[in-house]
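Data first, discussion second: the structure below is written as structure tokens.
Please treat every number below as a calculation from the coordinates, not as lab data. What you are looking at is a predicted structure, and each value in this text was computed from that prediction instead of being measured. Glycine also receives a Cβ, built like all others from the backbone with ideal geometry; neighbour counts cover every protein chain displayed.
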Amino acid sequence: MKAAERHPDLIGGVLSRGYVELSDGSKRKITDGVTLQEADQISELVQSRECRVTAETGVACGISTLAICMGLERAGIAGCHHFGIDPNQLTTYSGAALQLLQQHGLERHFELLNGPTHLEAPKLLERKVLLISRSSTGGTRSTIRCWISFTWISCSKLEA
Ligand SMILES: C[S@@+](CC[C@H](N)C(=O)[O-])C[C@H]1O[C@@H](n2cnc3c(N)ncnc32)[C@H](O)[C@@H]1O
């Protein structure tokens, strides 16, 4: 059984621990992430919509990224893929998101686009991935914060 199925409260566990263990054994304190409630909403959305390809801008320590990859895993659709755009993952965040995914056996779903959104997002079009950004004009403050820190994008691969 996969980690995401074995541990339904996997993200809660990571958040309450408060750090990501890096490849050199040091601990990167979790900062800047979405809340547990937001992570659960994101994961549920990805799973229930049976997303195949997703993208987010701003990966940080990988809390939203873990939520998205868990949603993809649970949807169980072959060939699913998540793109995370972030110019600071390998510097400011010391690869914490990559480590977090690896520690939970979800790294195969993820690809880091190591640069700012305005340069990396257009490359997805070159790879025949269409991004449809969904914005929220209403809802709670929490929901809006979620949409901002995690730009929810429903993507579909274009026909070759
Ligand atoms: C609020 S944090 C994201 C939190 C993350 N979604 C989570 O739940 O753990 C904002 C992130 O945006 C990234 N960022 C800053 N400028 C960016 C840009 N131009 N394009 C993409 N990401 C950017 C930062 O490096 C940081 O990782």
Q) Within segment 74-104, how many residues turn out to be away from the ligand (no atom under 11 Å from the Cβ) and more than 12 Å from the chain's Cα centre (by Cα)? A) 13
Q. Can you spot a residue in segment 3-14 that is in a loop (DSSP other than H, G, I, E, B) and at positive phi?
A. no
Q) Does ALA75 fit the bill of being farther than 22 Å from VAL129 by Cα and of a type in the set (Gly, Ala, Ser)? A) no
Q | Residue list for segment 42-52, restricted to those being within 12 Å of the ligand (Cβ to nearest atom) and of a type in the set (Asp, Glu) | A | none
Q | Unique match (being surrounded by fewer than 17 Cβ atoms within 10 Å (Cβ to Cβ), out of contact with any Phe, Trp or Tyr (no Cβ under 8 Å at 6 or more places or on another chain) and over 16 Å from ALA97 (Cβ atoms)) among GLU21, GLU44 | A | GLU44
(Q) Checking the condition buried (at least 23 other Cβ atoms within 10 Å of the Cβ) and within 9 Å of the ligand (Cβ to nearest atom), which residue from ALA39, ALA55 passes? (A) ALA39
Q) Which number in (1) free of Cβ contacts under 8 Å to residues at least 24 places away in the same chain; (2) assigned to a loop (DSSP other than H, G, I, E, B) marks the one condition that ARG108 misses? A) (2)
Q: Scan segment 91-113 for residues that are out of contact with any strand residue (DSSP E or B) (no Cβ under 6 Å at 6 or more places or on another chain) and of a type in the set (A, V, I, L, M) and report the count.
A: 3
Q: Among the numbered conditions (1) under 17 Å from ASN114 (Cα atoms); (2) assigned to a loop (DSSP other than H, G, I, E, B), tell me where PHE83 comes up short.
A: (2)
